[in-house]
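K.L.:
Sending over a structure as structure tokens; questions will come in a sec.
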């Protein structure tokens, strides 16, 4: 069995394996991490078994993980964000969004995108994608009768 599969099983799944790998990587010298990032600039090589939809999720969400704390807005292409949101909602393996946000109807205000049933949570597709992936950034851009309760699923109280 490949080493990566064994590590994933030992870590309790993909999210645990990613977390463990990130913790190991964080112990590297800063100069090495920066050099690795620079080496990847302009390189397009998706990970094995990752579809273009998965790549869209990674690209859009992780860019925001970096840009938002730095105060450097990076707009998401609406059409790509809608594809990524569909994939996050549809996938039973990543983020568990369908289970986490069962009982809400999520409606994008800037794209023809909606899903679920229940009280509406409305906002730009970028904010909805961040919500679906468990990010707190962008929660202030959500509104509607279900918005406060949806925020609470991430531990944010009104």
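K.L.:
Out of all the residues in the range 36-59, is one or more closer than 25 Å to residue 149 by Cα and either surrounded by 11 or more Cβ atoms within 10 Å (Cβ to Cβ) or more than 16 Å from the chain's Cα centre (by Cα) (or both)?
P.N.:
Our first condition is that a residue be closer than 25 Å to residue 149 by Cα; within the range 36-59, this holds for 57.
Still in the list and also either surrounded by 11 or more Cβ atoms within 10 Å (Cβ to Cβ) or more than 16 Å from the chain's Cα centre (by Cα) (or both): 57.
Yes, the range 36-59 contains a residue that is closer than 25 Å to residue 149 by Cα and either surrounded by 11 or more Cβ atoms within 10 Å (Cβ to Cβ) or more than 16 Å from the chain's Cα centre (by Cα) (or both).
K.L.:
Right, something else. Is one or more of the residues making up the range 129-148 over 23 Å from residue 70 (Cβ atoms) and in contact (Cβ under 8 Å) with a residue 40 or more places away in the chain? Outline the logic, then answer.
P.N.:
So the first thing to find is which residues in the range 129-148 are over 23 Å from residue 70 (Cβ atoms), and the list is 143-148.
Subsequent filtering for residues that are in contact (Cβ under 8 Å) with a residue 40 or more places away in the chain retains 146.
Looking for residues that are over 23 Å from residue 70 (Cβ atoms) and in contact (Cβ under 8 Å) with a residue 40 or more places away in the chain, one finds at least one in the range 129-148, hence yes.
K.L.:
Kindly establish whether residue 89 is over 13 Å from the mean Cα position of the chain (by Cα), closer than 18 Å to residue 52 by Cβ, buried (at least 18 other Cβ atoms within 10 Å of the Cβ) and not assigned by TED's automatic domain parsing to the domain that holds residue 13. Step through it out loud before you land on a result.
P.N.:
Details: over 13 Å from the mean Cα position of the chain (by Cα): no; closer than 18 Å to residue 52 by Cβ: yes; buried (at least 18 other Cβ atoms within 10 Å of the Cβ): yes; not assigned by TED's automatic domain parsing to the domain that holds residue 13: yes.
For residue 89, the condition - over 13 Å from the mean Cα position of the chain (by Cα), closer than 18 Å to residue 52 by Cβ, buried (at least 18 other Cβ atoms within 10 Å of the Cβ) and not assigned by TED's automatic domain parsing to the domain that holds residue 13 - is not met.
K.L.:
Take the conditions surrounded by fewer than 15 Cβ atoms within 10 Å (Cβ to Cβ) and either at pLDDT below 80 or in contact with a helix residue (DSSP H, G or I) (Cβ under 6 Å, 6 or more places away or on another chain) (or both) and apply them to residue 66. Does it pass?
P.N.:
On the way: surrounded by fewer than 15 Cβ atoms within 10 Å (Cβ to Cβ): yes; either at pLDDT below 80 or in contact with a helix residue (DSSP H, G or I) (Cβ under 6 Å, 6 or more places away or on another chain) (or both): no.
So residue 66 fails the test.
K.L.:
Every residue in the range 69-86 that is part of a loop (DSSP other than H, G, I, E, B) and surrounded by 17 or more Cβ atoms within 10 Å (Cβ to Cβ), please. I'd like the intermediate steps shown before the answer.
P.N.:
As a first pass, look at the range 69-86 and keep what is part of a loop (DSSP other than H, G, I, E, B): 71-77.
Result: 76, single match.
K.L.:
Determine whether the range 102-119 contains at least one residue that is touching a residue at least 40 places away in the same chain (Cβ under 8 Å) and within 15 Å of residue 156 (Cβ to Cβ).
P.N.:
yes
The values are calculated or read from the model by the stated rules, or taken from the named source; none is laboratory data. Everything numeric in this text was worked out from a predicted model, so none of it was measured. Glycine also receives a Cβ, built like all others from the backbone with ideal geometry; neighbour counts cover every protein chain displayed.
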